[in-house]
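The values are calculated or read from the model by the stated rules, or taken from the named source; none is laboratory data. Here the structure is a predicted model, which means the values were calculated and not measured. In this analysis, Cβ positions are derived from the backbone assuming ideal geometry, glycine residues included, and neighbour counts consider all displayed protein chains. For the accessible areas, the whole protein counts, side chains as well, though only heavy atoms, and no ligand, DNA or RNA atoms are used. Shrake-Rupley method; radii C 1.70, N 1.55, O 1.52, S 1.80 Å.
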Amino acid sequence: MEQFEGVGKTLVAADHQTNYHDVGQGKALFLLHGSGPGVSGWSNWKGVMNELAEHFRVLVPDIAGFGFTEFKADNKYDIKLWVRHLTGIMDALGIAKASFVGNSFGGALATAMAISNKERVERLVLLGAPAGEFEQTEGLRSAWTYEPSPENMEATLRLFPYNQALITPEIVQSRYEASARPGAQDALRKLIPKPNENGPTIVKGFPASAVAGIEAPTLVLHGREDHVVPPACGFLLAQNIPNAELHLFGKCGHWVQIERRTEFLQLVTNFVGQSS
């Protein structure tokens, strides 16, 4: 396993051997990855981890079943398990309260934490996070239908950013190699909804009534050209979370932290650094 970049430290949470990275000092800040072939905390956040670690203790876990964290074929993977896994990571590290930055699926998990474990969430940053109901996009569908090959990985990744120059041979190869690990794609298909063969597939995130109960100050970041999770989701979150603000980035797709890296770092550092 050591030959793969992205392998970090190990702890046990919710009975899962858990891969995570832990850099910097100060207030605890969790970076939660999205879903998709070859995804891991490292692949999502390696471009911003060290800069954020200049201000915070940055924790980047692979969520149960994803990345280099254990997958158990007989487990039922759902939001309850993922919340239990995340709180288990916090407990194992002795962290009572933290801020969370969640990208896509990670945004849904961060939202769930802020709803069900209010006392453990200081501040919330949601990037391209699902909310409400929307028709499954081509980008989300591709995560399930993907078959491991460099060509298929490139085709899938090109659905995510607005700026196609971001899809480099290095990114394609790194994500492909992670996705081609034995059992990796089979595991992913058990973690995300299967697309309907006939007619649209409806994706269901937390409704407005649920996110209205979030007490943590929240920063919502969304790309205007996000064709994976529609910008309407960002608007729903910002309109219904009581203490929320929204930044909509033009000429930006699903990867705000990569496509608008400088602005992302400035916004998150300023927002998370505030006293609650």
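Which of the residues belonging to region 122-147 are assigned to a strand (DSSP E or B) and either under 17 Å from VAL39 (Cα atoms) or open to solvent by 10 Å² or more (accessible area, probe 1.4 Å) (or both)?
Residues of region 122-147 assigned to a strand (DSSP E or B): 122-127, 133-135.
Hits for region 122-147 are GLU122, ARG123, LEU127, GLU133, PHE134, GLU135.
Could you grab me the full set of residues in region 65-85 that are aliphatic (A, V, I, L, M) and either touching a residue at least 60 places away in the same chain (Cβ under 8 Å) or open to solvent by 50 Å² or more (accessible area, probe 1.4 Å) (or both)?
So the first thing to find is which residues in region 65-85 are aliphatic (A, V, I, L, M), and the list is 73, 79, 81, 83.
Those that are aliphatic (A, V, I, L, M) and either touching a residue at least 60 places away in the same chain (Cβ under 8 Å) or open to solvent by 50 Å² or more (accessible area, probe 1.4 Å) (or both): ALA73, ILE79, LEU81.
So, restricting to strands (runs of 3 or more DSSP E) that lie completely within region 170-249, which ones have at least 2 residues that are within 16 Å of the chain's Cα centre (by Cα), touching a residue at least 40 places away in the same chain (Cβ under 8 Å) and over 22 Å from GLU138 (Cα atoms)?
Values: elements: 202-204, 218-223, 244-249.
In region 170-249, 218-223 are the strands (runs of 3 or more DSSP E) which contain 2 or more residues that are within 16 Å of the chain's Cα centre (by Cα), touching a residue at least 40 places away in the same chain (Cβ under 8 Å) and over 22 Å from GLU138 (Cα atoms).
Only one residue in VAL23, VAL12 is over 29 Å from ILE167 (Cβ atoms), open to solvent by 20 Å² or more (accessible area, probe 1.4 Å) and of a type in the set (A, V, I, L, M). Which one?
Result of the check over VAL23, VAL12: VAL12.
Pick out the one residue from ILE214, ILE202, ILE192 that is closer than 27 Å to ALA73 by Cα, in contact with a strand residue (DSSP E or B) (Cβ under 9 Å, 6 or more places away or on another chain) and β-branched (Val, Ile, Thr).
One residue alone meets the criteria, ILE202.
Between PHE264, PHE271, which is among the aromatic types (Phe, Trp, Tyr), farther than 16 Å from SER104 by Cα and part of a helix (DSSP H, G or I)?
Only one candidate passes the filter, namely PHE271.
Being in contact with a helix residue (DSSP H, G or I) (Cβ under 7 Å, 6 or more places away or on another chain), closer than 19 Å to GLU245 by Cα and open to solvent by 10 Å² or more (accessible area, probe 1.4 Å) is the requirement here; does GLY223 meet it?
no
For VAL203, all conditions in the list (1) open to solvent by less than 20 Å² (accessible area, probe 1.4 Å); (2) more than 17 Å from VAL125 (Cα to Cα); (3) in contact with a Pro (Cβ under 8 Å, 6 or more places away or on another chain) hold save one; what is the number of the exception?
With respect to (1) open to solvent by less than 20 Å² (accessible area, probe 1.4 Å); (2) more than 17 Å from VAL125 (Cα to Cα); (3) in contact with a Pro (Cβ under 8 Å, 6 or more places away or on another chain), VAL203 is out only on (1).
Does ARG158 fit the bill of being among the basic types (Lys, Arg) and either in contact with a Pro (Cβ under 6 Å, 6 or more places away or on another chain) or open to solvent by less than 70 Å² (accessible area, probe 1.4 Å) (or both)?
no
Restricting region 26-64 to residues that are in a helix (DSSP H, G or I) and farther than 22 Å from ARG175 by Cα, which is most open to solvent (accessible area, probe 1.4 Å)?
Among those residues, the one meeting the criterion is GLU51.
Name the one entry in GLY38, GLY128, GLY102, GLY107 that is in contact with a Ser or Thr (Cβ under 6 Å, 6 or more places away or on another chain) and under 21 Å from PRO207 (Cα atoms).
Numbers: GLY38 fails: under 21 Å from PRO207 (Cα atoms); GLY102 fails: in contact with a Ser or Thr (Cβ under 6 Å, 6 or more places away or on another chain); GLY107 fails: in contact with a Ser or Thr (Cβ under 6 Å, 6 or more places away or on another chain).
Going through GLY38, GLY128, GLY102, GLY107 in turn, just one is in contact with a Ser or Thr (Cβ under 6 Å, 6 or more places away or on another chain) and under 21 Å from PRO207 (Cα atoms): GLY128.
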